[in-house]
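Below: the structure, in structure tokens.
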Amino acid sequence: MPVSVPAADRRQRASAAFSLSFLSLVFSITAFSSSYWCEGTRKVAKPFCTGQSKGEHCIRFNSPDASNSNAVQYIWETGDDKFIDRKFHAGIWYSCEEIIDEEGEKCRSFIGLTPAADRGVLWLSIVAELLYIILLLTGAILMSVEMCYYSTVIDGLKINAFSAVVTVLAGLLGMVAHMMYTTVFQMTVNLGPEDWRPHTWDYGWSYCLAWASFACCMAAAVTTINKYTKTILEFKHKRKMLERRLKIKYKFPDHTAPEKACNVYVNSFHNSTDDPAHPIKGLRHLATISVL
């Protein structure tokens, strides 16, 4: 039997919702495990040059031009020349900054850098992020089950409704978690340790990825709710059309008889895999219901 246009449209909506939910899950896991939520620079004093170190990242105290008064004045009286911008990046778990004159980075726990008064908010943000990922995973599993579900149509609608609720809850938790982390980071910038406070900073790609995950999550929720609502409306419309056709064709003396027959017909879908919103091609199978 060829697939009807409404059924094909619903399958496309289910595929779109699952794709958005899966994309949101991948984005959220990537952002949660990375340390590029915020990036910036710190002004640190240049160390004295030792060995073969170059003068760009250090102060050459015993230089051949030490007897030159102009060189000495340039080094010691120009304030900006005594400092260097050290790049850093921070995430939920740890903060890393580059090492001057060496390759690699030095990392430390971001939880330890957070002021004690805001550490509880950071832990709430971490818990909310974990719940956000768990609910996203649950919603994606439910959507995949719905796509591959070959039992009754009514059970498919129940799974669709439950996956929509789970996805909406995930989006709300994700939004709260991202906002709490933003607040904690700004408080750490103002009240954090002196040897960590950044001179300039901005949000990094992980932060943008986290909000992109939230956007995909809400888009998946809207698509799922739209699919459920449209299926219910189509079902009600087909039911009204069935009642009218039964009333015209069989001329029931009782005005409630078409509705009773339609209810029997609807209840038959609990044990059927047919689409309740499929256009009715005939009423021959309803002849047994005409005894009503």
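The values are calculated or read from the model by the stated rules, or taken from the named source; none is laboratory data. Worth saying up front: this structure is predicted, and the values here are computed from it rather than measured. Here Cβ is always computed from backbone atoms with ideal geometry, including for glycine, and neighbour counts include all displayed protein chains. Ligands, DNA and RNA are stripped out before the accessible areas are found, and what is left, the full protein with its side chains, is counted by its heavy atoms. Shrake-Rupley method; radii C 1.70, N 1.55, O 1.52, S 1.80 Å.
Does Gly120 satisfy the condition of being among the small types (Gly, Ala, Ser), in contact (Cβ under 8 Å) with a residue 60 or more places away in the chain and under 21 Å from Val184 (Cβ atoms)? Here the answer is no, as Gly120 does not meet what is asked. Assessment of the stretch 186-202 against the conditions (part of a helix (DSSP H, G or I) and under 15 Å from the mean Cα position of the chain (by Cα)) yields no matching residue. When Ala177 is tested against (1) in contact (Cβ under 8 Å) with a residue 40 or more places away in the chain; (2) in contact with a Pro (Cβ under 7 Å, 6 or more places away or on another chain), just one condition goes unmet, and that condition is (2).
On the stretch given as the stretch 167-182, residues that are under 17 Å from Phe18 (Cβ atoms) and open to solvent by 10 Å² or more (accessible area, probe 1.4 Å) total 1. Across the stretch 128-153, the number of residues qualifying as modelled with pLDDT of 90 or more and among the acidic types (Asp, Glu) comes to 1. Here Gly156 passes the criteria (1) within 18 Å of Gln12 (Cα to Cα); (2) at pLDDT 90 or above; (3) not polar (S, T, N, Q) except the one numbered (2).
Restricting the stretch 183-197 to residues that are in contact (Cβ under 8 Å) with a residue 24 or more places away in the chain and open to solvent by 20 Å² or more (accessible area, probe 1.4 Å) leaves a set whose member that is nearest to Glu129 (Cα to Cα) is Thr183.
If a residue has to be open to solvent by 80 Å² or more (accessible area, probe 1.4 Å) and in contact with an Asp or Glu (Cβ under 8 Å, 6 or more places away or on another chain) to count, how many in the stretch 202-221 make the cut? Residues meeting the conditions: 1.
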